[in-house]
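**Q** For reference, the structure I am asking about is given below.
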Amino acid sequence: MSYSEDQQQEDKNIDKGLALGIDLGNSQISAAVWRPEKRAPDMLKFGNNSFFPATLYFSDLAEKHDIEAQQNEREGSESKIESNPSDMTPKIGEEFTNDKNIDYFVYDIKKYMGKNINVEKLKGEVSYNVNMDEDGNIFCFEEKIPFERMAKFFIDKVVNTAKEQFQKDVNCCTISVPHGFNNDQRTAVINAANEAGIREVYIINDPLSTGIYYISKNKLLNSEYFLVIDFGSSKLDITLLNISKHNSIRVKLSGGSSECGGNIFDCELLKEVKETYKSEGGQIPNDPMKMQLLNKKVEEAKIKLTFQNEAVIEEKKLDNKKELKYAIKRERFDELNKDNYNKIIKLIDNLIKESKLQKSDINHICLQGNSIRIVKLKERILEEFPDIDVCDYYNSIPMGAAIYTAKKLNQMENVQFKNFKIYDITPLSLGIRAEGDLMSVILPRGTKVPIKAEKYFITTQDNQTSIKFEIFAGERKLIKDNFLLKKIMLKNLPQANKGQVKILVTFEVDENFLLHIEAKELSTNISKSVDVFINESLSQSQILEKIEDAKKNEKQDLKEKERIQAMLRLNDKIFEYSHLYEGNEDILRELESYRNWIKHSTTVPKEDYEQKLKELNDNMQGDKLELKNRKQNNTKMNNINRNKIEEEKNMEIK
């Protein structure tokens, strides 16, 4: 964050107060504070719980709009009631019940804040009113309340609770977010916290928070690998950490799926309930309120099955005619979700394979997130890692975030955190469009940042005076399948033959994921540079989608890359012979026929290019010998002529 000098001076004079850490979840919110006297963090209590649901109910707005509707119906005209600040103050963390107006019950706030969303698609996903203003900002209700403001209400509740429990102010906090949150989403979180009155806000990734908490509880004698499996309601995050004995934490690799949250189990169970109900003569109503209530009961049944062997879902007169009553045993629930369990295990296995480690190399596994509590899923994970220490750190994220704040505020005396450092990794490979529209990778996915890397490029045409560098992020072999981040145009290059002009491209990434790219022509030092936030254009779902997409198409992509490289080898050989036989019109005409063949054969297999290259080399062998003999004869004649001239000169001197 940036402040004016006055603000910075004012901040220095403020008591930093409590060191607060917040886990801003999609389904629930939790928080912790650092207790210097205990040298450990404590969870905040919200009533009898250490969390509250991430929901808002705008009861005043619901009442106001009801009054407006009644007046308009009576008077036959449209009128609006002035909004008061109290209208904007919702009830925080309430469950949905049938006495609430579903149009004013807001959920999935973290999922949408800071994201570039298709508003029409969003309208189909939520029951509350959403719209877009002329600047493209998404807001809720006619009062135009943005998602950032919604998140601000959650942070307000956390801050007020902390003040009440510990009788101290909160001016600084760390908020933990998913590893794949992009720059816009992180900025939205910071803005929400600033609006709630927090002056200094630090953002940290969820798995790193867990790693920090682990360090606080355990003294490491050697470097260890730590697998964090975070399975929340809307996503599965899998992160492999490397923690050194000096307590530095490095993200080695991250993955998972935004399509594979705990709600997949709800969907399977809801589908079964609906099918059973319809088979018994019931009708599924097209009523958002009734469906929201049914969804809630399905979710409750899923939770019950983590503690007991059977759960019952009941809803009287779902279609106003027939009562819904569905009993399900844990065994049937596991049968419904067998494919989901397999998918999750496969995602974990894939990440470990990609890391080039064996399962036996992993020292500890941390399970977190409510959905990981599903009995069968937990059993499957334990079966996959039978000899590895598996721990449940359900509150590790807010606790780790609180420790991070305390470290930032110098409130910590723990020796374990004396040399504490965090290293993150690039979420996708970063590279440049190369000849043949191939992706030339400069920083592979999983590269530790901060980092600086260089790569040389050459011109691909004769007398090329400009070159465009396009920077991409992604895992596919062809740039068309990756994300375009930025472009650089380098002009006024010295004219020379193809391949003679050399350009040095530098990629430098700092700890804030700011990527600085510079392209410099070496003989003239002509250069151009550009900056881009790696996470700015990449959402978590896009990152995971691209990783999974690359794995699916790995064989096909490699085949296509080899095909293009075979074409480029043929093209380079034609270029080489063109310069070798410069002036020989017959041979140049033959080489032009090869160029035309390439131009009209852009989709032929690799073998065709290789066969054509062999044919070209065979055809040129005789010509090469002829050219060599011709050069030797020319050299002999030149030597004879030179000797004659020397003799004539000597005669003249005599």
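The values are calculated or read from the model by the stated rules, or taken from the named source; none is laboratory data. Remember, it's a predicted structure, so these values are computed and weren't measured experimentally. Cβ atoms come from the backbone with ideal geometry, glycine included; neighbour counts cover every protein chain shown.
**Q** State whether the residues of the range 63-81 include one that is at pLDDT below 85, of a type in the set (Ser, Thr, Tyr) and surrounded by fewer than 21 Cβ atoms within 10 Å (Cβ to Cβ).
**A** Yes - at least one qualifying residue is present in the range 63-81.
**Q** Further, regarding this structure: Give the residue that is farthest from Gln28 (Cα to Cα), with candidates limited to residues of the range 111-154 that are part of a helix (DSSP H, G or I) and free of Cβ contacts under 8 Å to residues at least 24 places away in the same chain.
**A** Residues of the range 111-154 that are part of a helix (DSSP H, G or I), as a first pass: 111-112, 119-125, 147-154.
Retained after the next criterion (residues that are free of Cβ contacts under 8 Å to residues at least 24 places away in the same chain): 119-125.
On the way: Val119: 24, Glu120: 26, Lys121: 24, Leu122: 21, Lys123: 22, Gly124: 23, Glu125: 19 Å.
The extreme case among them is Glu120.
**Q** Given the condition at pLDDT 90 or above and either over 32 Å from the mean Cα position of the chain (by Cα) or surrounded by fewer than 24 Cβ atoms within 10 Å (Cβ to Cβ) (or both), answer yes or no: does some residue in the range 36-44 qualify? Show your work before the answer.
**A** Going through the range 36-44, the residues at pLDDT 90 or above turn out to be 41-44.
Now drop any that are not either over 32 Å from the mean Cα position of the chain (by Cα) or surrounded by fewer than 24 Cβ atoms within 10 Å (Cβ to Cβ) (or both), which leaves 42-43.
Yes, the range 36-44 has at least one match.
**Q** Can I ask one more? Test Tyr202 against the criterion of being over 30 Å from Pro146 (Cα atoms), hydroxyl-bearing (Ser, Thr, Tyr) and crowded, with 18+ Cβ neighbours inside 10 Å, and give yes or no.
**A** Details: over 30 Å from Pro146 (Cα atoms): no; hydroxyl-bearing (Ser, Thr, Tyr): yes; crowded, with 18+ Cβ neighbours inside 10 Å: yes.
The answer is no for Tyr202.
**Q** Tell me which residues, restricted to the range 375-394, are in a loop (DSSP other than H, G, I, E, B) and over 23 Å from Ser176 (Cβ atoms). Walk me through it before giving the result.
**A** As a first pass, look at the range 375-394 and keep what is in a loop (DSSP other than H, G, I, E, B): 385-388, 393-394.
Within the range 375-394, Phe385, Pro386, Asp387, Ile388 meet the criteria.
**Q** Let me ask you something else. Among the strands (runs of 3 or more DSSP E) confined wholly to the range 424-490, which include 1 or more residues that are farther than 26 Å from Leu558 by Cα and among the aliphatic types (A, V, I, L, M)? Full working, then the answer.
**A** Working: elements: 430-434, 438-443, 451-458, 467-473, 483-490.
Result: 451-458, 467-473, 483-490.
**Q** Can you go through Gln556, Gln500 and tell me which one is more than 16 Å from the chain's Cα centre (by Cα) and in a loop (DSSP other than H, G, I, E, B)?
**A** From the options Gln556, Gln500, the qualifying one is Gln500.
**Q** Next up: Return the only residue of Glu592, Glu560, Glu626 being more than 27 Å from Gln500 (Cβ to Cβ), outside the structural domain of Thr459 (by TED's automatic domain parsing) and modelled with pLDDT of 90 or more.
**A** Numbers: Glu592 fails: more than 27 Å from Gln500 (Cβ to Cβ); Glu626 fails: modelled with pLDDT of 90 or more.
Being more than 27 Å from Gln500 (Cβ to Cβ), outside the structural domain of Thr459 (by TED's automatic domain parsing) and modelled with pLDDT of 90 or more holds for just one of Glu592, Glu560, Glu626, which is Glu560.
**Q** Inspect all residues belonging to the range 119-131 and state whether any of them is buried (at least 22 other Cβ atoms within 10 Å of the Cβ) and within 27 Å of Phe231 (Cα to Cα).
**A** Pass one, the range 119-131, residues buried (at least 22 other Cβ atoms within 10 Å of the Cβ): none.
Looking for residues that are buried (at least 22 other Cβ atoms within 10 Å of the Cβ) and within 27 Å of Phe231 (Cα to Cα), one finds none in the range 119-131, hence no.
**Q** Still on this structure, please answer the following. So which residues in the range 101-138 are at pLDDT 85 or above and touching a Ser or Thr at 6+ places or on another chain (Cβ under 9 Å)?
**A** Asn101, Ile102, Asp103, Tyr104, Phe105, Val106, Tyr107, Asp108, Ile109, Lys110
**Q** I'd like to know if the range 180-187 contains one or more residues that are touching a helix residue (DSSP H, G or I) at 6+ places or on another chain (Cβ under 8 Å), surrounded by fewer than 23 Cβ atoms within 10 Å (Cβ to Cβ), touching a residue at least 40 places away in the same chain (Cβ under 8 Å) and more than 15 Å from Lys115 (Cβ to Cβ).
**A** no
Every residue, every condition in (1) in contact with a helix residue (DSSP H, G or I) (Cβ under 9 Å, 6 or more places away or on another chain); (2) surrounded by fewer than 17 Cβ atoms within 10 Å (Cβ to Cβ), yes or no:
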| position | (1), (2) |
| --- | --- |
| Gly431 | yes, no |
| Val441 | no, no |
| Pro444 | no, yes |
| Lys452 | no, yes |
| Gln461 | no, yes |
| Leu478 | yes, no |
| Ile488 | no, no |
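**Q** Given (1) farther than 22 Å from Gly93 by Cα; (2) crowded, with 20+ Cβ neighbours inside 10 Å, identify the lone condition not met by Met150.
**A** Here Met150 clears every test but (1).
**Q** Within the set of pairs 6 or more residues apart or between chains, which connect a residue that is farther than 19 Å from Ile451 by Cβ inside the range 500-525 to a residue that is hydroxyl-bearing (Ser, Thr, Tyr) and surrounded by fewer than 14 Cβ atoms within 10 Å (Cβ to Cβ) with Cβ atoms less than 6 Å apart?
**A** Lys502/Tyr456
**Q** Restrict the check to the range 406-422 and report whether at least one residue is modelled with pLDDT under 80, touching a Ser or Thr at 6+ places or on another chain (Cβ under 8 Å) and part of a strand (DSSP E or B).
**A** Yes, the conditions are met somewhere in the range 406-422.
**Q** I've got another one for you. Of the residues that sit in the range 363-400 and are within 17 Å of Ser233 (Cα to Cα) and among the β-branched types (Val, Ile, Thr), which one is modelled with the lowest pLDDT?
**A** Ile372
**Q** Tally the residues that are at pLDDT 90 or above, out of contact with any Lys or Arg (no Cβ under 7 Å at 6 or more places or on another chain) and either outside the structural domain of Pro90 (by TED's automatic domain parsing) or among the hydrophobic types (A, V, I, L, M, F, W, C) (or both), restricting the search to the range 152-187.
**A** Residues that pass the stated criteria total 9.
**Q** Looking at the range 369-396, which of its residues are under 27 Å from the mean Cα position of the chain (by Cα), loosely packed, with under 15 Cβ neighbours inside 10 Å and among the aliphatic types (A, V, I, L, M)?
**A** Matches in the range 369-396: none.
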